[in-house]
């Protein structure tokens, strides 16, 4: 099935990026695997994407590689305003949200309260941004329009 096209690999990349970032120690960027799986959601925080910056301009792109809308935001004033303004459209699209810049679970929960009907997850967005060719957020990635 071509249904999961690119969304699942992007989710996996973002998830692995968050894990790697959470496990990175201060010296030399060494990543250490945990002895056991994390049981505390704070394991993923803070989340910082190295190549993405907040912007007042929203990146939008359609891709035949996506079967579901995906958006990237941070925990900044512009992203929160954008999320509030786009809430109805994002809900209609059944969009998944990557929060690519957030300090803590408490801050992620603030964003989730702004959009309780949307799925928002902490994610390092660098691989997604590199794949689609953008360097700022908010970003909205949409599936290609169905062909008649």
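The values are calculated or read from the model by the stated rules, or taken from the named source; none is laboratory data. This is a predicted model, so every value here is computed, not measured. Neighbour counts run over all protein chains shown; Cβ positions are idealised from the backbone, glycine included.
Details
- Flag for residue 17 being at pLDDT below 95, over 28 Å from residue 145 (Cβ atoms) and either surrounded by 15 or more Cβ atoms within 10 Å (Cβ to Cβ) or within 15 Å of the chain's Cα centre (by Cα) (or both): yes
- Of residues in the stretch 120-140 being in contact with a helix residue (DSSP H, G or I) (Cβ under 7 Å, 6 or more places away or on another chain) and in a strand (DSSP E or B), the one farthest from residue 49 (Cα to Cα): 120
- On inspection, residue 97 passes the criterion of being in contact with a helix residue (DSSP H, G or I) (Cβ under 8 Å, 6 or more places away or on another chain), within 15 Å of residue 49 (Cβ to Cβ) and free of Cβ contacts under 8 Å to residues at least 40 places away in the same chain.
- Residues that are outside any loop (DSSP other than H, G, I, E, B) and more than 13 Å from the chain's Cα centre (by Cα), drawn from the stretch 96-111: 105, 106, 107, 109, 110
- Number of positions in the stretch 104-148 that are touching a strand residue (DSSP E or B) at 6+ places or on another chain (Cβ under 8 Å), exposed (fewer than 13 other Cβ atoms within 10 Å of the Cβ) and under 16 Å from residue 87 (Cα atoms): 1
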